[in-house]
Amino acid sequence: MNFNFHTHTRFCDGSDEPEEYVKAALELGFHFLGFSGHAPVPMKNHFAIPENELENYCREIRSLQKKYSGKINIFLSLEIDFIPEITQNFKYFIEKCNLDYVIGSVHLVKNKQNNGMWFIDGPKPETYDQGLKDVFENDIRLAVGTYFQQINEMIINQKFDIIGHFDKIKMHNKNRYFSEEEKWYKDEITNTLKLISDKKIIVEINTRGIYKKRSNSLFPGKEVLKQIYKMGIPVTLSSDAHKPSELSAYFDESVEIIKDIGFRELMIFTKNGWKTQRI
Ligand SMILES: [Zn+2]
Ligand SMILES: [Zn+2]
């Protein structure tokens, strides 16, 4: 593959300056590179671009776009968090930064009853377990149901191109609290996929869980990918790179997996908008 539209730099929780990613992408022979730093969130945190750094981030990516024009197509994006009544409307960032495209993701699940927030991402299963207990009193169906409800609300009310790692809720579960085979879980997935399909959103196939050894399947997993293929929902492939060395992590293996399912094309962002690329 010659592209990656989901990357994080030192402006948020990634490791290096954006230019280091450009250099690594050129070495890999990439034609397209999208920067998707975590959009600022109005709370103390260690992962998002601080509000007062946002303009610098956008300026930096735009200047790289010019500098490397003719060598590689660089695009400016944000991975925007959706938390009801807490995060900014996606339109605010789209307009403020004149973004090329947007990734919409849920990392924090809000319980509207007690306003607590469950962080489902990060390296540690203990954080997931503690949050599930503190925010949802270990009621896994309520917690997972709320996660999908939040995703659905994002799909209905916000404007974005790609849905990020949409079954990440399974990552730290590892069959401990629920099985992905249970009917209620499958129903949540199907329900969300219908909304994704209606709104013509691109599903991201995200390799990060695998190469970070946090998950033994892609986001989304194989069974969900089969469903996505049957429904004709467009997909793209990304590694959610937090380091330049992760830009194409697990890409070759993933292409084999998805070709096996039947996929023959992936979505890529170009100067003329979204296009398909044969695999
Ligand atoms: Zn994410
Ligand atoms: Zn990300």
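The values are calculated or read from the model by the stated rules, or taken from the named source; none is laboratory data. Please read these numbers as outputs of a predicted model, since none were measured by experiment. Ideal geometry is used to build each Cβ from the backbone, glycine not excepted, and the neighbour counts take in all protein chains shown. To get the accessible areas, we keep the full protein, side chains included, count just its heavy atoms, and leave off ligands, DNA and RNA. Shrake-Rupley method; radii C 1.70, N 1.55, O 1.52, S 1.80 Å.
I'm checking my understanding of the structure. Among residues of the stretch 29-63 that are among the small types (G, A, S) and within 14 Å of ligand 2 (Cβ to nearest atom), which one is nearest to I94 (Cα to Cα)?
Within the stretch 29-63, the match that is nearest to I94 (Cα to Cα) is A39.
Output the residue which, of all residues in the stretch 1-27 that are polar (S, T, N, Q) and away from ligand 2 (no atom under 13 Å from the Cβ), is nearest to R208 (Cα to Cα).
Only one residue tops the list, namely S15.
Which residue pairs have Cβ atoms under 9 Å apart, sit 6 or more places apart or on different chains, and have a first residue in the stretch 52-73 that is among the polar types (S, T, N, Q) and a second that is part of a helix (DSSP H, G or I)?
So the pair list comes out as N73/Q65.
For the stretch 127-167, what are the residues that are within 16 Å of ligand 2 (Cβ to nearest atom) and either hydroxyl-bearing (S, T, Y) or open to solvent by less than 10 Å² (accessible area, probe 1.4 Å) (or both)?
I151, M154, I162, I163, G164, H165, F166, D167 - these are the residues of the stretch 127-167 that are within 16 Å of ligand 2 (Cβ to nearest atom) and either hydroxyl-bearing (S, T, Y) or open to solvent by less than 10 Å² (accessible area, probe 1.4 Å) (or both).
Residues that are open to solvent by 50 Å² or more (accessible area, probe 1.4 Å) and not hydroxyl-bearing (S, T, Y): which strands (runs of 3 or more DSSP E) entirely in the stretch 196-279 hold 3 or more of them?
The strands (runs of 3 or more DSSP E) meeting that bar are 273-278.
Suppose we filter the stretch 107-116 for residues that are closer than 20 Å to E137 by Cβ and either open to solvent by less than 60 Å² (accessible area, probe 1.4 Å) or within 13 Å of ligand 1 (Cβ to nearest atom) (or both); how many remain?
Of the residues in the stretch 107-116, 5 are closer than 20 Å to E137 by Cβ and either open to solvent by less than 60 Å² (accessible area, probe 1.4 Å) or within 13 Å of ligand 1 (Cβ to nearest atom) (or both).
Identify the single condition in (1) touching a residue at least 12 places away in the same chain (Cβ under 8 Å); (2) more than 21 Å from Y101 (Cβ to Cβ); (3) open to solvent by less than 60 Å² (accessible area, probe 1.4 Å) that P42 does not satisfy, given that it satisfies every other one.
So P42 meets the others, but not (3).
State the number of residues belonging to the stretch 69-88 that are charged (D, E, K, R) and either open to solvent by 10 Å² or more (accessible area, probe 1.4 Å) or away from ligand 2 (no atom under 16 Å from the Cβ) (or both).
Count: 2.
Among the candidates D240, D260, single out the residue that is of a type in the set (D, E, K, R) and in contact (Cβ under 8 Å) with a residue 12 or more places away in the chain.
D240
So K96 passes all but one of these: (1) surrounded by 15 or more Cβ atoms within 10 Å (Cβ to Cβ); (2) farther than 23 Å from K23 by Cα. Which condition number does it fail?
(1)
Could you grab me the full set of residues in the stretch 156-191 that are within 16 Å of ligand 1 (Cβ to nearest atom) and either of a type in the set (S, T, Y) or part of a helix (DSSP H, G or I) (or both)?
K168, I169, K170
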